[in-house]
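Asker: Here you go, one structure.
The values are calculated or read from the model by the stated rules, or taken from the named source; none is laboratory data. Predicted model, so just to flag it, every value in this text is computed and none were measured. Here the Cβ is made from the backbone with ideal geometry for all residues, glycine too, and neighbour counts use every protein chain on show. For accessibility, only protein heavy atoms count, side chains too; no ligands or nucleic acids. Shrake-Rupley method; radii C 1.70, N 1.55, O 1.52, S 1.80 Å.
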Amino acid sequence: MQAFERLMGAEEEWRRPGPTPAQRRVDVWITVAFLVLGVLGLEVMLSMGGLGGLDGGGGGDRPVQYAAVVSAAVLLVFRRSHPLSVAAGASAHLLVLGSVVPLAVASLPMQVLYFFAIYSGVAWARERRAVPYVVLAIMAAMFLWVAWFLALASGVQAILGEEAPQSQGLIPPVAAAVMWVLLTNLVYFVGAIVLGQVAWRGAHRTAQVVAQADTIRAQSARLRDQAVVDERLRIARELHDVVAHHVSVMGVQAAAARRVLTTHPEAAAEALSAVERSSRDAVGQMRDLLGTLRSGEAEADGSPGAVAGDRLPQPGLGDLPVLVDQAGTPMCEVRHTLVESTPGLSAQVPGPVQLSVYRVVQEALANMRRHSTARHASVTVRVVAGAGGDDGGGTGRSSRDHEGQDKGGVVEVEVLDDGAPRVGTSGTGLGHVGMRERAHHLGGGVEVGPRAERGYRVRVWFPLEGVPRDRTGARGGSGSGAPAPVAPAPSGVTDEAAVR
C-alpha cells in the first residue's frame, strides 16, 4: 500500500494550485459541449431503436434519460475545483445509471465524459493522500458492477444474444464474453487513472521548473546587486587610498616647506615641488579611475568609450620604491625591501594582487604620517613560491602553515614603524576596513595592531595565484589562521616584538 501511495504522489509536499477564473470558464464551455454531444448521442441511439440488447424505453423514460445526460455533464463544471468528488461521483453515476437507464450512458460522448471526469479527478487532486483510496474505491466498484452484470443480470446472454454463436477462436464464447467485459472496463478505468497521474506528474515537474527559474532569477538579482555593492566598495577603497595618501603627503611636505621657507628656500622649493607632484598624481589617478567608470558606462550603453590604452596602468610592486621614496621625509626615514624565493618571481604576481599590495602600503604609510611620531619605518614585501619553493632566507622552508598544510605561494607585505600614537589624530578606521576587504576578496588575511615595545605593525598576505577564495573561508581571509612568516625580516626589524 505504501508503494501505491508513493506512486500516486501521496508523499509529495507540492499541492497543485486551484483553478483560475479563466480555467473555470473553460470548464463551463467543456460542460456545455459534452451536454450537447450527450443529448445528440442519446437521440441518435433512440432513433436507431437501441443498441443490441439495450432497450430505448418508452416515451415516459425520456425525461429520466435526459436527466442522466444533464447530471453527468454538470459534474464537469467542478472537475478542477473538487476533482476527487467529481471522479467518485462520475464513477457512481456510470455504475448506477448504467443499470437503470443503460441507453443514456452507452453513447460514445457519455463514455468519453466519464473517462474525462475520472482523469480530471486524478490529475487535479490536491489532497494526494486521499487519491489512492478513491482510486481503489473506483476499481472495487467497477469489479463489483462487472460481477453483478455478469452473474445476476445475465450479462453474458445479453452480449452473446439468444443463441450462443459458434466459436471461431481458441476461447469458448462465454469465457470470451467475460474476458471482453473485464478487459474493456480495466482498460477504461485504469487508462483514465494512469493518464491523470501522468498529467499530475507533468504539472508537478512544470511547477518545479518554474520555481527553479524563479530561484535563479532571484539569485541572479542578488548577485547583480552584490556585484554593484562590491564595485562601489572597490571604488570607495581606491578613492580613499588615493586621496588619503596624496593629501597626507601634501600636508607633510607643505608643513616642511613652511618651516624652512625663510631659512632654507631650496628645501622649501623641493618640498613644494613634492606637493605639486603629489597633487598631479592624485588628480591623474582619480581621472583614470573615473575614466574606467565612464568606459564601463559607455560600453553598457553601446556608445564608444575611452580607449583602454589611454589610461595609465594600475600601480604594482614595481612602483613601491617610488611610493616609499615619496613617503620619506627628513624627519622619518622609510626603507623598502623585496624578498623573492626565486629571482624575478615578483614580476609573475597577478595584477590584482600587486595593486592590493600597493594600496595596503599606501594606506599604511598615510596612516603613519597622520597618526604616528615615527622616525623610522620599513616596507618589506616577500614573494614565495608554493610547496617546495625556498623561502628566500636559505632555510629551505616551503610556504606552509604551522599545521603543515600546504598554503601554496604567498605574497606578504609588512609595514613596521617605531612611532607612538599622535594625540588627537584618531581616524575613522576605514583604511583598516579597506585592507581587510582587499585581503578577504583575494583569500588572504590581515594583522594590524601596535607592537609589543614601540611602534605599529601592518601585515597582509595574499595567495600568489591571486584567485578569490570561496565564501566558506577555505583559505582564511578573516584575519585568523595566519601562516607563519615566510621569510626572515630584514636587519633592524624585530618580528619577535610584533603582536597580532
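Asker: Test of understanding: among Leu223, Leu233, which residue is aliphatic (A, V, I, L, M), in contact with an Asp or Glu (Cβ under 7 Å, 6 or more places away or on another chain) and open to solvent by 40 Å² or more (accessible area, probe 1.4 Å)?
Answerer: On inspection, the qualifying residue turns out to be Leu233.
Asker: Among the residues in segment 71-94, are any modelled with pLDDT of 90 or more, buried (at least 18 other Cβ atoms within 10 Å of the Cβ), over 51 Å from the mean Cα position of the chain (by Cα) and within 25 Å of Ala123 (Cα to Cα)?
Answerer: Looking for residues that are modelled with pLDDT of 90 or more, buried (at least 18 other Cβ atoms within 10 Å of the Cβ), over 51 Å from the mean Cα position of the chain (by Cα) and within 25 Å of Ala123 (Cα to Cα), one finds none in segment 71-94, hence no.
Asker: Cβ-Cβ distance below 9 Å, separation of 6 or more or different chains: which pairs start in segment 453-466 with a residue that is over 27 Å from Ala420 (Cβ atoms) and modelled with pLDDT under 90 and end on one that is among the aliphatic types (A, V, I, L, M) and open to solvent by 20 Å² or more (accessible area, probe 1.4 Å)?
Answerer: Qualifying pairs under 9 Å: Leu464/Ala385.
Asker: Let me ask you something else. Please determine, by comparing only the residues of segment 467-489 that are among the β-branched types (Val, Ile, Thr) and at pLDDT below 50, which one is farthest from Val415 (Cα to Cα). Even if it seems obvious, please write down each step before you answer.
Answerer: Going through segment 467-489, the residues among the β-branched types (Val, Ile, Thr) turn out to be 467, 472, 486.
Filter again for at pLDDT below 50, leaving 472, 486.
Values: Thr472: 29, Val486: 15 Å.
The residue in question is Thr472.
Asker: Just a yes or no: is a residue in segment 357-376 part of a helix (DSSP H, G or I), of a type outside the set (Asp, Glu) and over 20 Å from Pro315 (Cβ atoms)?
Answerer: Within segment 357-376, one or more residues are part of a helix (DSSP H, G or I), of a type outside the set (Asp, Glu) and over 20 Å from Pro315 (Cβ atoms).
Asker: Output yes when any residue across segment 136-147 is at pLDDT below 80, outside any helix (DSSP H, G or I) and out of contact with any Phe, Trp or Tyr (no Cβ under 8 Å at 6 or more places or on another chain), and no when none is.
Answerer: Looking for residues that are at pLDDT below 80, outside any helix (DSSP H, G or I) and out of contact with any Phe, Trp or Tyr (no Cβ under 8 Å at 6 or more places or on another chain), one finds none in segment 136-147, hence no.
Asker: Residue pairs, Cβ under 8 Å, 6 or more apart or interchain, first in segment 250-267 and farther than 22 Å from Val283 by Cβ, second among the β-branched types (Val, Ile, Thr). List them.
Answerer: Ala267/Val260
Yes/no matrix, rows are residues, columns are (1) modelled with pLDDT of 80 or more; (2) assigned to a helix (DSSP H, G or I); (3) open to solvent by 40 Å² or more (accessible area, probe 1.4 Å):
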residue: Ser99; (1), (2), (3): no, yes, yes
residue: Met110; (1), (2), (3): yes, yes, no
residue: Tyr133; (1), (2), (3): yes, yes, yes
residue: Ala164; (1), (2), (3): no, no, yes
residue: Met179; (1), (2), (3): no, yes, yes
residue: Thr184; (1), (2), (3): yes, yes, yes
residue: Ala192; (1), (2), (3): yes, yes, no
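Asker: Could you pull out the residue among Arg370, Arg382 that is of a type outside the set (S, T, N, Q) and surrounded by fewer than 20 Cβ atoms within 10 Å (Cβ to Cβ)?
Answerer: Details: Arg382 fails: surrounded by fewer than 20 Cβ atoms within 10 Å (Cβ to Cβ).
Only one candidate passes the filter, namely Arg370.
Asker: I want to confirm something. Restricting to segment 433-452 and keeping residues that are of a type in the set (Lys, Arg) and at pLDDT 85 or above, which single residue is least open to solvent (accessible area, probe 1.4 Å)?
Answerer: Arg451
Asker: Also, quick follow-up: Mind checking which residues of segment 369-398 are hydrophobic (A, V, I, L, M, F, W, C) and at pLDDT 85 or above?
Answerer: Pass one, segment 369-398, residues hydrophobic (A, V, I, L, M, F, W, C): 374, 377, 379, 381, 383-385, 387.
Across segment 369-398, the qualifying residues are Ala374, Ala377, Val379, Val381, Val383, Val384, Ala385.
Asker: Continuing with the same structure: Suppose we filter Thr342, Thr337 for residues that are under 19 Å from Ala385 (Cβ atoms), at pLDDT 85 or above and either of a type in the set (Asp, Glu) or in a strand (DSSP E or B) (or both); which single one remains?
Answerer: After ruling out the rest, the residue left standing is Thr337.
Asker: Something else about it: Of all residues being within 43 Å of the chain's Cα centre (by Cα) and of a type in the set (Val, Ile, Thr) in segment 332-349, which is most open to solvent (accessible area, probe 1.4 Å)? Just the residue, please. So that I can check it myself, show each step before the final result.
Answerer: Restricting attention to segment 332-349, the residues satisfying the condition of being within 43 Å of the chain's Cα centre (by Cα) are 338-342, 344-349.
Now narrow it down to the ones that are of a type in the set (Val, Ile, Thr): 339, 342, 349.
On the way: Val339: 28, Thr342: 68, Val349: 7 Å².
Taking the candidates together, the pick is Thr342.
Asker: Does Asp230 fit the bill of being modelled with pLDDT under 90, part of a helix (DSSP H, G or I) and of a type in the set (Asp, Glu)?
Answerer: yes
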